[in-house]
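Some notes on the structure that comes next.
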Amino acid sequence: MAEPLVFDQRNPGGETSDHSAELFQAALESTADGILIVDRHRRVTWYNRTFLELWRIPPVLAQTRNDEALLSFVLDQVVDPESFQAKVGDLYANPDESSFDVLSFIDGRCFERYSLPQFIGGDIVGRVWSFRDITERGQAQEALRRSEERLRQIIDTVPNFIFAKDADGRFILVNRAMAEAYGTTVENLLGKTDADFSRSEQEIQRRRETDLTAIHSGRPLHIPEEPVTRADGQVRWLETVKIPFTFSGTAVPAMLGVSTDITDRRRLEAELLHAQKMDAVGRLAGGIAHDFNNLLTAILGYSDVLMEGIPTGNVLRPEVEEIVKAGQRAAQLTRQLLAFSRRQVWQPRLIDLNNVVGNMERLLRRVIGAKVDFTTRLAADSGRVKADPGQIEQILMNLVVNAQDAMPEGGSLTIETIALGAGEVSEALRRASGPGAFLGLKVIDTGTGISPQVRERIFEPFFTTKESGTGLGLATVYGIVRQMGGEIVVETTEGSGSSFLVILPATQATDGPQGLTIGGTTPSRGPTVLLVEDEEAVRRLARRLLEGAGYRTIEASNAADALAVCETRGDEVQVLVTDLIMPGINGRELADRLHARWPNVRVVFMSGYAAEALGRSFAVDPSIPFLHKPFTRDELVSCVQTALQAFGR
């Protein structure tokens, strides 16, 4: 490299000093900055080697002392050559101006550029340019910026609330989720405290206490549940961990917090607890109904026996009839209990919707309370549908309870029965049901109504807008209606009430015989029945009814006794009538054991539960006659005769 150009060896006082000039030049050559000095005519008067190295300028070009040539050479290196050149021209046009900026290079380098006027004897004689390579520092700063940006993206992506506070409770770090929970932005939350956003003084005080506890204890603090009231008034529940820390290189205390929104989890836990309670109540109700059905079997059965022995006109007959009516009402109650526990017997028959509504009216009035005005409007001739009365009652109960919940401050509730023509129902229902009329059961309330968003999901299982709801009420209604071959139509306006219309196909069919009527003389010697029942009253009644119908009957109070009896009399038995649920060996297992040794034995199962509700442990062949408790004499004898007529068992 050629020797750099040097100043004229004159000092400001006009004296010449070779030694001082050499020292000055040596000092400038030793600096890490690149230096270029140009006079007022833009002629290069001095530069150091660092300048040439930074700008990668060939020495031969520099020795021309032509600043325009140097400028043209370096323009191809910078990212924004137009701005670079404009800045140079502006400074040369204003000799007394100073400047500082940062230059970015195409190859990634980065320089700081300083420009100052050069004075000699108070006069501006030129301009000094100084360049410092800050590429490594810039890269480090860029890496730091990117690292901070990645960290910010990470904490803003995390759904948890992440925040840090100083000892005065001011937020010094928050993520986006935290800011949104407070109904504001990250920038607006920084430097503020909980008191600037929370409406609840109790919440503010509680959070302040836990902040200080974490800071002063020096240990992480776990808060299982704490409420946060949002700016819109919505309450969310958080699980929070608060961790004390100090800023690096200082003793300034602070606290880092991480919160998880557990609002939905608390709701699901409450729903699960409610479902478990309902399941427990359902099991209890089902158990009570099962035992009560045994008692009702004896009550109604012996009442029938008494009625046969009391002639019409006898003063005792009305008393016995009242016993029968009371027993029938009790049987209806057990059906409702079994429906609640989902162990109800599916017994479709022809029913009048008006009668169902009328029978439930008193119960429904008690359910809805005094604040709701309850009325019924029943069609003069609503016709009949083929359905299970218990399930129609279940539909009514669910819809009425739903309507009551929509009117917390009271209102009006109306139940209607409606006769509908084919043109008033959907085409899909007409295609599925065929020609004919339809009947409607409508529940109308003046409650809060249903929003379009909720309307789309109200029949989904487990969807609910209630704090403690299970989301099964309307889903159950929908399932029952579809099972009956009908449809349900919802009309609602948010804030103006709702109506639920259940549409079922009407039928002109008549009730067939409900069982074989036994009367007159009975055979003196009929088939032998093995009767197995652990409830003594039911067993005695069933034996009396069977023997009255001409069947020879062998009793056993449990399966073990029945097996012992069969060891000596098994060849006599033609029909096994057994309760399904008994201590020890259940009825299904007993039937399997007997059939393995005596394959021609026919079977009749009894239970207060529906066969399909008994579960896998009591799964039975659907072709086997099933006798539902409480039963009448005709039903019992009909099941035995059906079993005898079946082939193979």
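The values are calculated or read from the model by the stated rules, or taken from the named source; none is laboratory data. Keep in mind the model is a prediction, meaning the values are calculated, not measured. Don't worry about glycine lacking a Cβ; one is built from the backbone with ideal geometry, like all the others, and counts go over all protein chains shown. Note: accessible area is taken over every heavy atom of the protein model, side chains too, but ligands, DNA and RNA are not part of it. Shrake-Rupley method; radii C 1.70, N 1.55, O 1.52, S 1.80 Å.
Would it be correct to say that Pro435 is over 18 Å from Ile395 (Cα atoms), touching a helix residue (DSSP H, G or I) at 6+ places or on another chain (Cβ under 9 Å) and either outside any strand (DSSP E or B) or at pLDDT 75 or above (or both)? Considered against the rule, which asks whether it is over 18 Å from Ile395 (Cα atoms), touching a helix residue (DSSP H, G or I) at 6+ places or on another chain (Cβ under 9 Å) and either outside any strand (DSSP E or B) or at pLDDT 75 or above (or both), Pro435 comes out as yes. For Ala330, the criteria (1) out of contact with any Phe, Trp or Tyr (no Cβ under 9 Å at 6 or more places or on another chain); (2) of a type outside the set (Asp, Glu); (3) at pLDDT 65 or above hold in every case but one, which is (1). Selection of the stretch 548-564 for residues being at pLDDT below 90 and open to solvent by 30 Å² or more (accessible area, probe 1.4 Å) yields only Gly548. Looking at the stretch 41-80, which of the residues that are buried (at least 18 other Cβ atoms within 10 Å of the Cβ) and of a type in the set (Ser, Thr, Tyr) is farthest from Phe131 (Cα to Cα)? Here the residue is Thr45.
In this structure, does Pro12 turn out to be exposed (fewer than 14 other Cβ atoms within 10 Å of the Cβ), assigned to a loop (DSSP other than H, G, I, E, B) and at pLDDT 90 or above? Answer is no for this residue. Selection of the stretch 214-235 for residues being open to solvent by less than 70 Å² (accessible area, probe 1.4 Å) and over 32 Å from the mean Cα position of the chain (by Cα) yields Ala214, Ile215, Ser217, Gly218. Just one of the numbered conditions (1) in contact with a helix residue (DSSP H, G or I) (Cβ under 8 Å, 6 or more places away or on another chain); (2) in a helix (DSSP H, G or I); (3) at pLDDT 85 or above is not true of Phe374: (2). Selection of the stretch 149-174 for residues being farther than 16 Å from Glu187 by Cα and of a type outside the set (A, V, I, L, M, F, W, C) yields Arg150, Thr157, Pro159, Asn160, Asp166, Asp168, Gly169.
Checked against (1) under 18 Å from Val604 (Cβ atoms); (2) open to solvent by less than 30 Å² (accessible area, probe 1.4 Å); (3) at pLDDT 80 or above, Leu504 passes all but condition (1).
Here Asp156, Asp166 are screened, and the one residue that is touching a residue at least 60 places away in the same chain (Cβ under 8 Å) and among the acidic types (Asp, Glu) is Asp166. Just a yes or no: is a residue in the stretch 609-616 open to solvent by 40 Å² or more (accessible area, probe 1.4 Å) and modelled with pLDDT of 90 or more? For the stretch 609-616, residues open to solvent by 40 Å² or more (accessible area, probe 1.4 Å) and modelled with pLDDT of 90 or more: absent. The residues of the stretch 25-40 that are of a type in the set (Gly, Ala, Ser), open to solvent by 20 Å² or more (accessible area, probe 1.4 Å) and under 23 Å from Val125 (Cβ atoms), listed by number, are Ala26, Ala27. Report, by residue number, each residue of the stretch 236-271 that is in contact with a Leu (Cβ under 7 Å, 6 or more places away or on another chain) and either surrounded by fewer than 13 Cβ atoms within 10 Å (Cβ to Cβ) or of a type in the set (D, E, K, R) (or both). Residues satisfying the conditions are Lys242, Asp261.
Filtering Asn402, Asn398, Asn354 for residues that are open to solvent by less than 50 Å² (accessible area, probe 1.4 Å), at pLDDT 80 or above and farther than 25 Å from Ile458 by Cα leaves a single hit, Asn354. Give me the residue from the stretch 528-540 that is touching an Asp or Glu at 6+ places or on another chain (Cβ under 9 Å) and outside any strand (DSSP E or B) and, out of that set, nearest to Leu296 (Cα to Cα). Here the residue is Val538.
Per-residue answers, yes or no, for (1) part of a helix (DSSP H, G or I); (2) surrounded by 12 or more Cβ atoms within 10 Å (Cβ to Cβ); (3) modelled with pLDDT of 90 or more:
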{"position": "Leu144", "(1), (2), (3)": "yes, no, no"}
{"position": "Glu149", "(1), (2), (3)": "yes, no, no"}
{"position": "Asp156", "(1), (2), (3)": "yes, yes, no"}
{"position": "Pro159", "(1), (2), (3)": "no, no, no"}
{"position": "Phe163", "(1), (2), (3)": "no, yes, yes"}
{"position": "Met178", "(1), (2), (3)": "yes, yes, no"}
{"position": "Gly183", "(1), (2), (3)": "no, yes, no"}
{"position": "Ser198", "(1), (2), (3)": "no, yes, no"}
